[in-house]
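Engineer: Below are the structure tokens for one structure; questions will follow.
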Amino acid sequence: MNDEDLIGVGLDLRPETLIKAYEIGIFPMRLEGRRGRLGWWSPNPRGILPLEGLRVSKSLRQSCRRYTVTVDQDFPGVLAGCADPQRPDAWIGEDIVEAYTRLFDMGIAHSLETRDDQGALVGGLYGVSFGGLFAGESMFHRAADASKVALVRLVEILTQDGVRGRLLDCQWTTPHLVSMGAVDVSRERYQTLLAAALPLPAPPTFAHVGRARP
């Protein structure tokens with residue numbers, strides 16, 4: 001993250017504002033923790049995970065067999081896990097929770113929940129999906145590899161119908177993501193990939209009946 005990644009401050013979190021932001025390649029995040037000013041970001045370089053480049057280690061494959069991943073079954077629980085104020089650099093406040101819950105109710109935001117053999121929520125991720133874009137917002141884990149397992153399942157969802165060209169946006173790369181195949185691309189390259197992805201169909205798993213964009 002650097003100063004050039006921040007391109008604006010302020011505005012609101014209405015659904016139409018958020019949708020337009022993602023369509024042009026920007027996203028919101030607080031500048032100073034959960035109660036700081038709302039910043040709008042366009043990282044350069046931008047982290048993406050090429051779907052054909054996913055790397056799954058032997059130990060992660062074992063974890064995939066140990067956990068179960070559900071989709072859109074506990075969006076509030078995943079959001080709460082990601083928003084845990086005890087996490088380092090916690091920035092997700094009540095207004096972010098409310099805004100993305102609205103997007104979830106509209107069928108635009110989605111969650112993947114990683115569960116142990118007792119059915120307990122031990123990790124997961126959430127993000128925004130329309131067209132061929134999935135913009136990952138945050139992930140969390142309470143057990144080893146739980147967030148990574150959710151990410152493996154997400155890639156399966158984005159590729160299972162054979163449509164090529166979908167885009168998995170990671171915002172910024174981290175060692176955690178790089179170990180799974182995430183790479184940095186320039187802002188210009190990201191915009192090219194985004195423009196190609198948006199007209200594509202959404203994955204069937206995310207195409208919920210009765211949910212539509214405004």
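Engineer: Sorted from fewest to most neighbouring beta carbons within 10 Å, what does the list W172, W40 look like?
Structural biologist: Going from least to most buried by this count: W172, W40.
Engineer: Hey, what number do you get for the chain at 222 nm if only DSSP H runs of n ≥ 4 count, each worth -39500 (n - 2.57), divided across all residues, to the nearest 500?
Structural biologist: About -9000 deg cm²/dmol.
Engineer: Moving on. What are the ³J(HN,Hα) values, in whole Hz, obtained from phi via the Karplus relation 6.51 cos²θ - 1.76 cosθ + 1.60 with θ = phi - 60°, for each residue of the stretch 10-23 in sequence order, with x given for Gly and Pro?
Structural biologist: x, 6, 10, 10, 5, x, 5, 5, 5, 4, 4, 4, 5, 5
Engineer: Counting Lys and Arg as +1 and Asp and Glu as -1, each charge on the Cβ, what is the dipole of the chain about the Cα centre in debye, to the nearest 20?
Structural biologist: 480
Engineer: So which residue, out of A150, A80, A197, gets the largest mean-square fluctuation from a GNM of the chain using Cα contacts under 10 Å as springs?
Structural biologist: A80
Engineer: Let me check I've understood the local charge: for R55, count other residues with C-beta under 13 angstrom from its C-beta, Lys and Arg +1, Asp and Glu -1. What total comes out?
Structural biologist: +2
Engineer: Now for a different question. Ranked by Cβ crowding within 10 angstrom, fewest neighbours first, how are K58, K20, K148 ordered?
Structural biologist: Listed from fewest to most nearby Cβ atoms, that is K58, K20, K148.
Engineer: Now for a separate question. Of the beta bridges DSSP finds with both residues in the stretch 46-206, what % are antiparallel, to the nearest 5?
Structural biologist: Roughly 90 percent of the DSSP beta bridges within the stretch 46-206 come out antiparallel.
Engineer: At what distance in angstrom do the alpha carbon centres of the stretch 1-26 and the stretch 63-82 lie from each other?
Structural biologist: 26
Engineer: Considering only the other residues whose Cβ falls under 10 Å of the Cβ of D116, what net charge follows from Lys and Arg at +1 and Asp and Glu at -1?
Structural biologist: +2
Engineer: Read phi for every residue in the stretch 67-72 and hand back ³J(HN,Hα) as whole Hz from Karplus 6.51 cos²θ - 1.76 cosθ + 1.60, θ = phi - 60°, with x for Gly and Pro.
Structural biologist: The phi angles translate into 10, 10, 10, 10, 10, 6 Hz.
Engineer: Another question, then. Count the net charge of all other residues whose Cβ sits under 12 Å from the Cβ of C170, scoring Lys and Arg as +1 and Asp and Glu as -1.
Structural biologist: That works out to -2.
Readers should treat all values here as calculations from the given coordinates under stated rules, not as data from a laboratory. Only a predicted model underlies this, so the values are computations on that prediction, with no experimental measurement involved. Cβ coordinates were reconstructed from backbone atoms using ideal geometry, including for glycine residues, and neighbour counts include every protein chain displayed.
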